[in-house]
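Structure first, then comments.
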Amino acid sequence: MNLNLKRPLAFIDLETTGTNIISDRIVEIAVLRILPNGGKASKEWRVNPTVPIPAEVTRVHGIKDEDVKDCPTFNDLAKEIYAFLSNSDIAGYNSNRFDIPLLIEEFTRAGVTMDLTSRKLVDVQNIFHKMEKRTLGAAYKFYCDKNLENAHSAGADTHATYEVLKAQLDKYPDLVNDVDALAQFTSMNRNVDLSGRIIFNEKGEEVFNFGKHKGKTVKEVFTKDQSYYDWMMKGDFATETKNVITRLRLREFNKA
């Protein structure tokens, strides 16, 4: 089944120095851009992360320090990557929890602002987990009856994810072929920030989704425990999360 698109849908995949959204860096990024008319355009970039790639990570994706030492840094590539993603909704595999937050963190360090408020985010892994609960390799075998060659190569993973999404639409009649509907379906929580540290509750209020104040509204916590904001701002949280809590704090301050 071909995708029913109102605007381009960009499938992204990152290979990185690790799994920490804040401290790790991109070493390879691939983007497969699908157009509403079915056309495709793809680009891949190798990136010098400016920090060592741990040996255990190299064993996963096969990229060594010497492979990227002469590559441009993300700062060098940020505007080009941003331009290729322009006017696109974004899809990926585990992208809502990892690829997109880490990419936004890299853009922020490079001085590039990527506003996601008008973009739909489709996480193909969440469709798979809600329907079958497996990994990308298993998803590719299950839905497409193919073995995933070159797994953990960003280019191979983006193409596999695109094929899996199309096969999911064929397999599940109740899965609506519309990016707005897919974005809603693949959102595991109603996140306020990308990392899911803050989510909306059933009343539409922003609540903490972690730690000692989990389940409490941000408004309540910042009113009764004002030091919590300072702790988060100094803590190991994504820049985007800090921007969100600052916006929420200022909103309540301006109401007072």
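Brief remarks follow.
- Among residues that are at pLDDT 95 or above and within 16 Å of Thr161 (Cα to Cα), Glu15 is included.
- One residue alone among Leu14, Leu35 is closer than 14 Å to Asp157 by Cβ, surrounded by 14 or more Cβ atoms within 10 Å (Cβ to Cβ) and in the same structural domain as Asp170 (by TED's automatic domain parsing), and that residue is Leu14.
- Matching residues in the stretch 141-158 - criterion: being in contact (Cβ under 8 Å) with a residue 40 or more places away in the chain, out of contact with any Phe, Trp or Tyr (no Cβ under 8 Å at 6 or more places or on another chain) and not hydrophobic (A, V, I, L, M, F, W, C): His152, Ser153, Gly155
- Criterion (assigned to a helix (DSSP H, G or I) and either in contact with a Pro (Cβ under 8 Å, 6 or more places away or on another chain) or surrounded by fewer than 17 Cβ atoms within 10 Å (Cβ to Cβ) (or both)) met by exactly one of Asn243, Asn189: Asn243
- Those residues of the stretch 1-31 which are more than 15 Å from the chain's Cα centre (by Cα) and under 17 Å from Asp76 (Cα atoms), in sequence order: Val27
- Breaking point among (1) within 19 Å of Ala160 (Cβ to Cβ); (2) at pLDDT 95 or above, for Met1: (2)
- Failed item, numbered, when Lys166 is tested on (1) among the basic types (Lys, Arg); (2) under 26 Å from Val124 (Cβ atoms); (3) free of Cβ contacts under 8 Å to residues at least 40 places away in the same chain: (3)
- Residue ID - nearest to Leu165 (Cα to Cα), chosen from residues in the stretch 192-203 that are assigned to a strand (DSSP E or B) and of a type in the set (A, V, I, L, M): Ile199
- Residue in the stretch 63-76 that is of a type outside the set (A, V, I, L, M, F, W, C), exposed (fewer than 14 other Cβ atoms within 10 Å of the Cβ) and at pLDDT below 95 present: no
- Sole exception among (1) in the same structural domain as Asn87 (by TED's automatic domain parsing); (2) among the small types (Gly, Ala, Ser); (3) on the phi > 0 side of the Ramachandran plot for Gly211, by number: (1)
The values are calculated or read from the model by the stated rules, or taken from the named source; none is laboratory data. This structure is a prediction, so every number in the text was calculated from the model and none was measured. A quick note on method: Cβ atoms are made from the backbone with ideal geometry, for glycine too, and the neighbour counts reach across all protein chains shown.
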